[in-house]
Each structure stands twice: as C-alpha cells, then as structure tokens.
Amino acid sequence: MGDGSRESGQPGGPDAHQRVTALLGAWALAACSTGEARLVEEHLDACAGCAAEALRLRDAAMLLEPRRSLDLDPELRAEVLDGCLARRPARLPVPSWAAPLDAEAARLDALLHDMADEEWRTEVRLRWYDEETEREHPTTVPGVLAHLLASDGLLARTMGLPDPLAELPGLADADDPVVRAHAVWARDAGSPPADPRAGWEPWRAQTRALVWAAARTGGRMGERRVAGSGHEPSGLPAVGDALSLSDLYLDRAFACWVHAGDIAEAVEYPYDPPLRPHLRLLVDLAARRLPGSIAGRRRAGLARSSPRLTTAGSPGRTLHLEVEGAGGGDWFIPLDSPVAGVSRTAARAAVAHVALDDVVFCQLAAGRIAPDEAASGTEGDPAIIHDVLAAAAALSRL
C-alpha cells in the first residue's frame, strides 16, 4: 500500500491528506469553517500521524508559549491569540462568556507544567464558609484537579459531553458537586495512581472539550436557559429552575482561577489575577449572585438587619457596592427582594455603601477572605453591611 492511499487509513487519498495537513494549524485555533473542521476531524479518525500532530498543535494553542517558566507577561497569550486571529479570523470563535474558562485553564495548565515532581504532593487547603464559620478541606494538587474534573463534569453533561464520573457507583445521575468531589476523592484514596500527575490529562481534555463545545454553540446561545441541577449551591441567578449557559461557564472559570490560586499559594508561586475583561465578568457574576444569597441567609434566620416587607414591584432598600480596580464598577444590590429592580431613585437613596478591591471581592465570594477583613471602606447601617459581606462569603462552597 502506498502512503496516502485509502487503504492506509487516510480518507480521500493523498490530496485530502495534504489539504488536512495544511488546515491543522487553523483547526487548532478554531479558525476553520464548519466544512473544513468536519474534513479535518474525519481524517484524524483514520490517520494516526495527523492525529498526533493535531494533538501537538492543539496543546500549543492552549498555551501559545513553550512549556517553561511562568515568569512571563500575563497578557502574552491573549496578545499572541489576537495577532493570530487578526491574520485569519476564527470561523468558530470562542464566545466571550467561555473565554475566561479558556484562559484560566491555560494558566492553571502552565502552573502545573512549571511545578517540580515533589510539589505535586503538597497539601492544598480548600476553604469556604458554612453560615459564618470558615471550613476547610485538606487535599493535594491531584485532589484539586479531581475536584475540578468532578464539578466541571456537570457542565460537560449539560453540553452533551461525556461525564468523567459516570462509571463511579451511584454517580450516573448525581448532580451535587460536593457528593461528586467526595466520591472521586474516595476512589483515588482507595486506589491511588502511581503517578500523581495521572489526573492532569483528563482535566485538560475535559476543559478543552468544554471550550470547543462553547465555540460550536456560538456566542448568541450564551443566554440560552439550561437546567440548573447541580449548580444551585453556587447561588447563580436563575429564572425559575433555569440558568443561563454563560453563567455556568463563568462559574467554572471562577472556580478554576480560585483553585489555581490555592495551588499557587501552597507551592509558594506568585499568581496574577485574570485579564481585565475576564475579571470584570467574574466580578459581575459574583455581584449578581449577591441578592439571592442575602435572601437565603435572611430565610435561614442568619441576618442581623431587620427585614422589611415591600409591596409587589417596590424596589425596597438598596446597597451601593463599589468594586475598585481594573475589573470593578458599581452595583446596586436590592436588600429586601432578590428579584426587585433598582431604579435610579432607589440607587441614589442607597441605605449603605461598601467599597472593595476587585480581587478581594472575588476572594471573599470564594471564601478565601473573612467578611470583616474584606471592605476597604463602608458607610451606613453596620448590620446591613455585615449581612451583605457575609452573604458574599456564603457564595463560597467546597
């Protein structure tokens, strides 16, 4: 059999093989048309050489930088991507709501590449707030990746992708992220892999698949409502029982950044915040989650401030949340109803004001900072201010 023949497993013969070879770089950057992408992917199923080259190029596209020290300009990857896409715009661009997950996964991947073998067994503390008590769960770097894999698997299931934990007993339909995390930890404790890096590639592959699924879905579908099962503990804003797809992706980007920071802290490695536009999206997500968390704490009897009954459609009391920094802005948080609109009049009459740094606000929402240590400035009713800061910490979860 000659090279490039159909018998050699290269569909379409040598001409198709050469065409696919020329398209592999664009395919790795999601810059192919739908027809070109189909041609490439059909060819990769039958051509081992091209499949290996495609995997190499796709890995390179995730980092766009040799696998070496992380001491680089944090915006380098974005700049290189912009330069590449300026030459040939992507036919399947990554939507803005999935770009933070793409970028944060690439940064975590780079951190893992830069770690020495012994650092993979470093203890990592995962922290969150239960009511107003700080909790923590000690694990390792592989344990963090297993936790991300388990939680991201719920989004993978939503996107029609394989669930990596579907084969574990009792988890075929489990939609509680905490249950899933403990199940995968129990599995790995009972039969620990010889190589602590064994869970790295499954996490990378799943994250890459999620980004590709978002690109194929398209930007306008980001506000499509999907079942919220498994995501309710995060306090994501919902309409009925449905959540927007974009918020689910931003939620996973937030978790990826926070847990990458946990790893970096454990191995004493500096770790920068997300890019400015991505940080702004994550701050906005946390701010939009606040009204639901405030209401939940009030229903549980945890609020210090007195409730106020409002008539239907009335805006009620409002707090001015000022987030400072590159990812910041101003949000006006309804205090008496999570679904109340905030008019300009209500915004001007805010009963309290809280100012926080953008990264600090996200760390508070992740349970990495205590509520009484977060604000850089406050004004107004101390009980309301406490309730809002505690509600932000209550957004955190294992």
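The values are calculated or read from the model by the stated rules, or taken from the named source; none is laboratory data. All values derive from a computational prediction rather than experimental measurement. We place every Cβ from the backbone using ideal geometry, glycine too, and count neighbours over all the protein chains shown. We work out accessible area using only protein heavy atoms, side chains counted, and drop any ligands, DNA or RNA first. Shrake-Rupley method; radii C 1.70, N 1.55, O 1.52, S 1.80 Å.
Annotations
- Scan of the stretch 99-123 for residues that are of a type in the set (A, V, I, L, M, F, W, C) and out of contact with any helix residue (DSSP H, G or I) (no Cβ under 7 Å at 6 or more places or on another chain), ordered by number: 115, 116
Matching residues to (1) in contact (Cβ under 8 Å) with a residue 12 or more places away in the chain; (2) crowded, with 18+ Cβ neighbours inside 10 Å; (3) of a type outside the set (Val, Ile, Thr); (4) in a strand (DSSP E or B):
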residue: 321; (1), (2), (3), (4): yes, yes, yes, yes
residue: 333; (1), (2), (3), (4): yes, yes, no, yes
residue: 354; (1), (2), (3), (4): yes, yes, no, yes
residue: 368; (1), (2), (3), (4): yes, yes, yes, no
residue: 375; (1), (2), (3), (4): yes, yes, yes, no
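- Check on residue 240, open to solvent by 40 Å² or more (accessible area, probe 1.4 Å), in contact with a strand residue (DSSP E or B) (Cβ under 9 Å, 6 or more places away or on another chain), modelled with pLDDT under 90 and among the small types (Gly, Ala, Ser): yes
- Count - residues of the stretch 114-127 that are touching a Leu at 6+ places or on another chain (Cβ under 8 Å) and either open to solvent by 50 Å² or more (accessible area, probe 1.4 Å) or not in a strand (DSSP E or B) (or both): 1
- Among the candidates 286, 295, the residue that is small (Gly, Ala, Ser) and either surrounded by fewer than 21 Cβ atoms within 10 Å (Cβ to Cβ) or farther than 24 Å from residue 254 by Cα (or both) is uniquely 295.
- Residues of the stretch 180-203 that are exposed (fewer than 15 other Cβ atoms within 10 Å of the Cβ) and within 15 Å of residue 151 (Cβ to Cβ): 202 alone.
- Some residue of the stretch 299-311 being without any contact (Cβ under 8 Å) to a residue 40 or more places away in the chain, touching an Asp or Glu at 6+ places or on another chain (Cβ under 8 Å), over 30 Å from residue 262 (Cβ atoms) and surrounded by 21 or more Cβ atoms within 10 Å (Cβ to Cβ): no
- Residue in the stretch 23-33 that is exposed (fewer than 15 other Cβ atoms within 10 Å of the Cβ) and either in a helix (DSSP H, G or I) or modelled with pLDDT of 70 or more (or both) present: no
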